[in-house]
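Below is one structure, written out as structure tokens, with a few remarks after it.
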Amino acid sequence: MKKKLPVGIDNFEKIIREDFYYVDKTVLITELLSNWGKVNLFTRPRRFGKTLNMSMLQCFFEIGHDKKVFDGLNISREKELCEQYMGQFPVISISLKDAGGMTFQAALASIRNIIGREALRFQFLLESSSLSEEEKKMYTQLIKVDEKQNTIFSMPADALEAGLRTLSFLLSKHYDHRVLILIDEYDVPLDKAFQNHYYPEMVSLIRNMFSMALKGNDSLYFAVLTGCLRISKESIFTGLNNMKVLTVTDVRYDEYFGFTDGDVRKLLSYYDLSERYEDVREWYDGYLFGNVAVYCPWDVISFCDEACVNPSVKPKSYWINTSSNSIVKRFINKATRKTQNELEKLIAGESVRKEIHQELTYEDLDKSIDHLWSILFTTGYLTRQETDDEYEYLLRIPNQEIRQIFIIQIKEWFSEITAKDMPALNAFCTAFKKADTETIEAMFNAYLKKTISIRDTSVPHSKKENFYHGILLGLFAHMDDWDVWSNAESGDGYSDILIEIEEESIGIIIEVKYGENGALKTGCEEALNQIENRNYAESLIDDGMTTILKYGIACYHKRCMVMLQ
């Protein structure tokens, strides 16, 4: 029986013990110990294995973990290193991915719970012969709960800010050994604070917590932090001069977050899916970390899990459901005409050259759209081509999955801006039932000029037509008394758009064509011939529509022509 695929599982020990498939990244441990940094910050997009790597580090270093889980893995070949470091350290490990709330008080409560739950793992400190009674009282403050709600931690504010430092001091004294601190998703509470308008308060809290835990902490051996963004040092890492920041542009550690091409080929072969390699590469590859091309692990594993059951399943976007993708929406909403043109180039598979600043604060986001380019890059919505310039990169959309995310957000944006002018929208839709091709053509041309084109020179005509087809459906969506079908079976085929206006017994058929090289008239004639030859009117007649209007619409870039049969 083949190993199970670890869909949504980021606990290293669970993956190994319960026989899930594991892509071995344990040499990260060797690299961390060889390229010494007191505080190491890894910034990578979401779903690239940050949490799993942190779980692996905890499992390797922490006192009491079963060393056998590393048997047969790459790190086990490093005999001296394993003997010296494996299972030798007290480890404090927290994740801030759920740290946040609608208000600062709610966020404060969630962080109290995170620190409190981690502290509860070490209740043996209450019986430690190495700690004084006063020191045990310090520990008690960390696990203190609200008397009315015994699931809610109630440590005082000063105890919370010093929580990680206090816990590291107590563990170090108990074990007579310095401590490792692991902080996963360090920037999430700042993101949530920015979105909910309590950013200054959260910056102050995080700055104090990190400063006390990571700066001048004699109990600390080393620390590892992960996150999506490289938050400005002046914002939360003030005075922390012992930190190594390792971003997606750094060559060091470039292969330990994400799947390499070799990883993916091996995984696909193991599950007898090698013939799906090109699909996986087109949809989930394309990121450049350091000098290594990588795939998104979440997507590859999710796709393989479905393909094992249905080998012919089509690739789809799995990443889109793991976040609100609000940064893309913010970018599109702020886009100038120049930026819209650049976005059109990106969606068409081209590149744009931009100056990138990886060290920002959340407050910088809305100051300039140039900053949003940087955020799109660091969060994985854009990637870079190889370049020698330290700050200016050729940016591109990495793969089909991220392209789909942009397309969905563009459609939502277009729907929102067109809905703001309801009289115009009503006039456009009404023109279809009045057979007013002149108005339809003029207004649809105006809408095309207003939107962001989604085109790709590498796809067939049918897919190029989908963009224009989608715009029309979006424009018709607000007509509550119209029944609108897309790709509905009728006659001898599937028409692009069928509409029934039941109260007036009007049926409308729309066939959309892509007019290659501007051949709009030819496209319209081809569309009308298809409507007639495939008898698309049949279902409308069967439903009692007495007036049937047949439209051929041809589009090319931001131009269209409309013909009525």
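The values are calculated or read from the model by the stated rules, or taken from the named source; none is laboratory data. Because the structure is predicted, anything quoted here is derived from the model rather than measured. So basically every Cβ, Gly included, is an ideal-geometry build from the backbone, and we count neighbours across all protein chains shown. For the accessible areas, the whole protein counts, side chains as well, though only heavy atoms, and no ligand, DNA or RNA atoms are used. Shrake-Rupley method; radii C 1.70, N 1.55, O 1.52, S 1.80 Å.
For the residue pairs Lys50/Lys316; Lys345/Lys433; Lys338/Lys513, the C-alpha atoms sit more than 25 angstrom apart in Lys345/Lys433; Lys338/Lys513. Distances between placed amide hydrogens fall under 5 Å for Ser317 paired with no residue 5 or more residues away or on another chain. Once the 1.4 Å probe is applied to the protein heavy atoms, the chain comes out at 44 Å² accessible per residue. Under 5 Å between amide hydrogens, built in the peptide plane, is the criterion, and for Ser95 it picks out Asp184 among residues at least 5 positions away or on other chains.
Quick one: work out the % antiparallel among DSSP beta bridges in region 170-308, nearest 5. Mind showing how you got there, number by number?
Working: 5 of 10 bridges.
So the antiparallel bridges amount to about 50 percent of the total.
Only DSSP H runs of four or more residues enter the estimate; each adds -39500 (n - 2.57), and after division by the residues of the chain the mean residue ellipticity at 222 nm equals -13000 deg cm²/dmol. For region 419-536, the direction-averaged projected area of the alpha-carbon convex hull comes to 7.7 nm².
Using Cβ point charges alone (K and R +1, D and E -1), the dipole size of region 93-190 about the Cα centre works out to roughly 100 debye. Rolling a 1.4 angstrom probe over the chain with all protein chains present gives an accessible area of which 46% lies on carbon and sulfur atoms. If you compute Cα Rg over 2.2 N^0.38 Å for the structure shown, which of [x] 1.17; [y] 0.93; [z] 1.09 do you land on? The value computed from this structure is option [x]. Relative contact order of the chain: 11 percent, from C-alpha pairs under 8 Å at least 6 residues apart in sequence. Only the Cβ atoms of Lys and Arg (+1) and of Asp and Glu (-1) were treated as charged; on that basis the dipole of the chain about its Cα centre amounts to roughly 1500 debye. Each residue of region 75-87 was assigned a 3J(HN,Hα) from its phi angle through the Karplus expression (A = 6.51, B = -1.76, C = 1.60, θ = phi - 60°), giving 5, 5, 6, 8, 4, 5, 5, 5, 5, 7, 10, 5, x Hz with x at Gly and Pro.
Sorting the segments 280-288, 539-547, 428-436 by their residues' average number of neighbouring beta-carbon atoms within 10 angstrom, most packed first, yields 280-288, 428-436, 539-547.
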